[in-house]
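Report on the structure given below.
Nothing in this text is a laboratory measurement; each read-out follows from the coordinates by a stated rule. Just so it is clear, the model here is predicted, and its values are computed rather than measured. When we count neighbours, we look across all protein chains shown, and the Cβ atoms used for this are built from the backbone with ideal geometry, even at glycine.
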Amino acid sequence: MSIVIERVDAATPALAAFLVAHHAELEPTAPAESRHALDIERLLAPGVRLFVGSVEGAPVATGALAAVEDGHEELKSMRIDPALRGRGLGRSMLAHLLADAQTRGIRRLSLETGSAEFFVPARSLYASAGFRESGPFGRYRADPHSTFMTLTLPASVPETPHAG
């Protein structure tokens, strides 16, 4: 399955519906005050880089990077279409987000995800990419419904032209 991942700066009806479904899927996992997924308006706000993965023109994955402080960003709104989970799309989106952050000189990525059983696959994906459990960051506070993870990115090495 071939996914095309692009940065977006405007909502389409299909993207808006995909994100509404994301919020609906998360609703039973924790009380409202413990759910931190951003709505479409906040994902399109300054300081946030929203990416959409599409298959045959339809959104099947989202991921975003939001500024926390200089050199530190938060991974937000990772979602894969439930019918397509387990096919590597999450790994592709995560790799794209990590590469985007690293090429821009971001040194640390952090995330908040749920602590419920529902989030085991997400936590496993993040751990496989090198994220480790950590304490709250930014404006977050300790919450039994949250798991916080962080990753230090290697410095981006500029390419050197080859002598010919």
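Using DSSP H assignments, which helices in the chain have an axial alpha-carbon span of 18 Å or above and a mean Kyte-Doolittle hydropathy of 1.0 or higher?
TM-like helix candidates: 13-26.
Could you work out [θ]222 nm for the chain from helices alone, using -39500 (n - 2.57) per DSSP H run of at least four and dividing by all its residues? Round to the nearest 500 deg cm²/dmol.
Theoretical 222 nm ellipticity from helices: -7500 deg cm²/dmol.
May I ask for the net charge around S2, where only other residues with Cβ less than 12 Å from the Cβ of S2 are counted and Lys, Arg are +1 while Asp, Glu are -1?
Values: positive: R87; negative: E56.
Counting the neighbours of S2, the net charge comes to 0.
Sorted by mean Cβ packing within 10 Å, highest first, what order do the peptides 88-97, 70-79 take?
Numbers: 88-97: 18.3, 70-79: 19.8.
Per-residue mean Cβ counts within 10 Å order the peptides as 70-79, 88-97.
Using 0.36 nm per residue, how much length does the chain from A129 to E6 gain when fully extended, once their Cα-Cα distance is taken away?
42.2 nm
By the scheme Lys and Arg +1, Asp and Glu -1, what is the net charge of all other residues having a beta-carbon under 11 Å from that of S115?
-3
Near the amide H of G114, under 5 Å away, which other amide H atoms are found, from residues 5 or more places off or on another chain, if H is placed in the peptide plane?
Amide H neighbours of G114: T147.
Please compute the contact order of the chain in relative form: average sequence separation of alpha-carbon pairs under 8 Å and at least six residues apart, divided by the residue count, as a percent. Let's see the in-between values first.
On the way: 232 pairs, mean separation 31.4, N = 164.
The value is 19 percent.
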